[in-house]
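The values are calculated or read from the model by the stated rules, or taken from the named source; none is laboratory data. Because the structure is a prediction, the values reported are computed rather than measured. Cβ coordinates were reconstructed from backbone atoms using ideal geometry, including for glycine residues, and neighbour counts include every protein chain displayed.
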Amino acid sequence: MSTACITDGPEKYRINEIFYSLQGEGYYTGTPAIFIRFSGCNLRCPFCDTSHQSGRMMTVSDILSGISAYPSRHVVLTGGEPSLYITHALVDTLHLQGRYVAVETNGTHPLPGNVDWITCSPKFGLGDMYGCPEASDAAVCLTRCNELKVVYMGQDMSVYDGIEADHHFLQPCDTGDRDRNISLLGQAIEFCKTHPSWRLSLQTHKLTGIR
């Protein structure tokens, strides 16, 4: 890991939490990762399963101190919606520390060009199903990502055809209703079988009881 001296700039970031676990979803499932969760989001989706509203302002040095004890190179910037806050300078600093930087985003805002891995999980197409116009109207500005991960609720999947991705994952929504969840899982499995460019993603952190 680099010992390069890092000097704090004027930027501070509102961070909800920093923790160490295994990636629970998508391409990197099972990978040890440091999660830096930003506070706040431009969407208010009722199916969101993350409490991210609270947080404290942290400098770059604070963030580096918060991740310093964890051995994994893999860092996930998540939220909330990290694209509202992350900067090219923050990603550069994490690179200087020898970290690999992945971002989980809803795709509604541009990202710095120096991110190593982009997971885009768009929410448009879901709002009408939950009476959530904030999600329904959330147009995606990203047209290219490493991983497209769609929360599946039986919506028309053709709406995501304009997003180019190296990998496509379909993740049944956790609705909080057991019978509905079982039904969505079955539908997602059948969709992947008939559209083999898509792979099933499960929330393995919930199945295993980890963060």
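The residues of segment 64-81 that are closer than 15 Å to residue 149 by Cβ and either at pLDDT below 95 or outside any strand (DSSP E or B) (or both), listed by number, are 78, 79, 81. Where strands (runs of 3 or more DSSP E) fall entirely within segment 82-181, those with at least 1 residues that are under 16 Å from the mean Cα position of the chain (by Cα), at pLDDT 95 or above and under 22 Å from residue 17 (Cα atoms) are at 100-105, 117-120. Restricting segment 158-181 to residues that are touching a residue at least 24 places away in the same chain (Cβ under 8 Å) and of a type in the set (S, T, N, Q), which is farthest from residue 118 (Cα to Cα)? So, considering only residues that are touching a residue at least 24 places away in the same chain (Cβ under 8 Å) and of a type in the set (S, T, N, Q), the one farthest from residue 118 (Cα to Cα) is 175.
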